[in-house]
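Heads up: the structure comes next, in structure tokens.
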Amino acid sequence: MNEKKEPLLRAENIHISFGGLKALNDVSLEIYPGEIMAIIGPNGAGKTTMLNIINGFYKQDEGRIIFEGKKRSKKMKPNRIAAQGIARTFQNLALFRGMSALGNIMMGRTMKMHANIFSQALYWRFSQKEEIEHRKAVEHIIDFLQIQNIRRTPASTLPYGLQKRVELGRALAAEPKLLLLDEPMAGMNLEEKEDIARYVLDANEELGYTIALIEHDMGVVMDICDRIVVLDFGNKIAEGTPEEIKSNQKVIKAYLGEAEN
Amino acid sequence: MTFFFEVLVTGLMVGIMYSLVALGFVLIFKASEVFNMAQGAMSLFAGLALVGFLDQYLQLPLWLALLCTVAVMTIWAYAIVFIVLKPLVARPPLMLFMATFGVAYLMEGIGQSIYGTQAKGLNLGIPDTPIVIGGIFMSTFDLFFTGVAAILVIGLVWFFQKTRTGRALRAVSDDHEAALSVGIPLLKAWTITWIVAGVVATVAGVAWGTRLGVQFSLTYIALKSLPVLIIGGLDSIPGAIIAGLIVGAGENLGEVFIGPYVGGGIQTFFPYLLALIVLYFRPYGLFGKEIIERV
């Protein structure tokens, strides 16, 4: 990646504790426009915590988040952050269980809808026209993810792999400036993993999305990511291209442990 | 046989009234997982406010009085969400539950001091004369409110299925975090849910108020809707409707046909007995979401 580019998002010296546990300790990272960036690390390293801070579910104790060159107020609510163009998926699926696949992806358009979501009753005709526009965009995503045949299926009855795909679709539907994926391939078999990896790559290369993801499968991470940040016990221990990370002694130690003597 | 059907129909129509109160519970529980003990008090307050606008303090025409009552309930919705619930976000459900108890007593207290403790008649000008349909006697009055309840339910279904606002509220009820992550503001969604519940409470309050007079015992109707909730499931709108009908019909049939053998008075406990039986076989209610926890 071109290091001179202005980062899309910069997290500076982030600290956060839960009770006595220091979940993140002085972690800084950048996400550059157009890249796929991975956050990796052993269990409990603080990866999801980092994602939760970026999308506003958690507020850092210290440090700051700079998005598109502007410092973000700590008081900003997650829904406002979503409106700024940060979409995400969840480690444990968080679909709207009572809705169809299509309904879920449509909800992803919430922030693209011109009419305020709570003023629709007043603009009935207008919003119906708008609805059709959005439906088109959603159909593109459905084609992109090849889930045409399950459009009308209630999300809760879909097999796990497809639910993950619908969740990805919902995040894509927001046309976000930054897409956060929390373990998009967790619990999948090899074939499903390859599918998702391809969609993630296509979303990046064809659709031009900037993506930050958390993933455990090193093979996938090394294959599709431009840059990797490694966390261990809340500290950033390494950062670099997949090649650099592969040969980094600290990383190997964090993953494999150290011989006692 | 005609007698059986008369008893059944009367029971069903009372059941619709239970459904109305239960519906308010379900709406709020779905949206915010708050078990709202103030639903009965909300119905009472709506009834009191309507009487106030209609003849106690002002002599407004009915439509305007209804509109003003809905406005009052909207103010309550804002007050409850921003003063009571907002500071308690992410606290254990039991706390929110206790907070709604507080709201219930507050509403009763404020209701008493504004409108007095006297029971008040509420006359909407519907004749209370029975009409005969297919050989069965029915009260016009009950028929009217059955119709109103049906319209309300259809309206709610339309609202939740077809409007974007309704879909946003469903999204919130399905998953708070996911809803936030697609940009739905939680507090706003909750406020709207409480307003909708306020409207439902108004309909219930007016229906019960016209039937029994607007009096403070209306809050206890909320207790009758507890078995309805248990039977129907806490998070199911169709469940609330159908369970209301089951309870209404069940208690009336029980009273008339089983009551004489055990000395009567079955009506008061029969719904709870039904609820117990349902709890035994389907703890999440007939239509409730089955909660499967992964270990």
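Odds and ends about this structure:
- Lone unmet requirement of (1) more than 14 Å from every other protein chain (Cβ to nearest Cβ); (2) of a type outside the set (Ser, Thr, Tyr); (3) buried (at least 24 other Cβ atoms within 10 Å of the Cβ); (4) assigned to a loop (DSSP other than H, G, I, E, B) for residue B:229: (4)
- Filtered residues of region B:184-226 (kept if over 14 Å from residue B:47 (Cα atoms) and among the charged types (D, E, K, R)): B:188, B:224
- Residue, modelled with the highest pLDDT, within region A:91-140, restricted to residues that are in a loop (DSSP other than H, G, I, E, B) and more than 10 Å from every other protein chain (Cβ to nearest Cβ): A:91
- If the condition is being of a type outside the set (Gly, Ala, Ser) and either buried (at least 24 other Cβ atoms within 10 Å of the Cβ) or within 23 Å of residue B:69 (Cβ to Cβ) (or both), then region B:35-50 contributes B:36, B:37, B:39, B:42, B:44, B:45, B:48, B:50.
- Region B:249-283, subset under 19 Å from the mean Cα position of the chain (by Cα) and surrounded by fewer than 19 Cβ atoms within 10 Å (Cβ to Cβ), residue farthest from residue B:236 (Cα to Cα): B:268
- Only one of the numbered conditions (1) surrounded by 17 or more Cβ atoms within 10 Å (Cβ to Cβ); (2) within 23 Å of residue B:214 (Cβ to Cβ) is not met by residue B:136, and that is (2).
- Residue B:28 being more than 13 Å from residue B:203 (Cα to Cα), β-branched (Val, Ile, Thr) and at pLDDT 90 or above: no
- Here B:181, B:173, B:217 are screened, and the one residue that is among the polar types (S, T, N, Q) and more than 20 Å from residue B:33 (Cα to Cα) is B:217.
- Any hit, region B:104-115, residues being farther than 25 Å from residue B:16 by Cβ, within 14 Å of another protein chain (Cβ to nearest Cβ) and out of contact with any strand residue (DSSP E or B) (no Cβ under 9 Å at 6 or more places or on another chain): no
- Scanning region B:227-258 for residues that are acidic (Asp, Glu) and over 16 Å from residue B:290 (Cβ atoms), we see that the one that is modelled with the highest pLDDT is B:251.
- Close pairs (9 angstrom Cβ cut-off, 6 or more residues apart or separate chains): polar (S, T, N, Q) in region B:111-128, outside any helix (DSSP H, G or I) and surrounded by 13 or more Cβ atoms within 10 Å (Cβ to Cβ) anywhere: B:117/B:215; B:118/B:215
- All positions within region B:237-287 that are more than 19 Å from residue B:16 (Cα to Cα), assigned to a loop (DSSP other than H, G, I, E, B) and not charged (D, E, K, R): B:263, B:264, B:265, B:283, B:284
- Residues that are within 20 Å of residue B:22 (Cα to Cα) and facing chain A (nearest Cβ under 7 Å) were ranked within region B:156-194; the one that is modelled with the highest pLDDT is B:192.
- Filtering B:247, B:228, B:256, B:203 for residues that are closer than 23 Å to residue B:76 by Cα and of a type outside the set (D, E, K, R) leaves a single hit, B:203.
The values are calculated or read from the model by the stated rules, or taken from the named source; none is laboratory data. Quick caveat: nothing in here was measured; it's all calculated off a predicted structure. Heads up, the Cβs are rebuilt from the backbone with ideal geometry, glycines too, and the neighbour counts pull from every protein chain shown.
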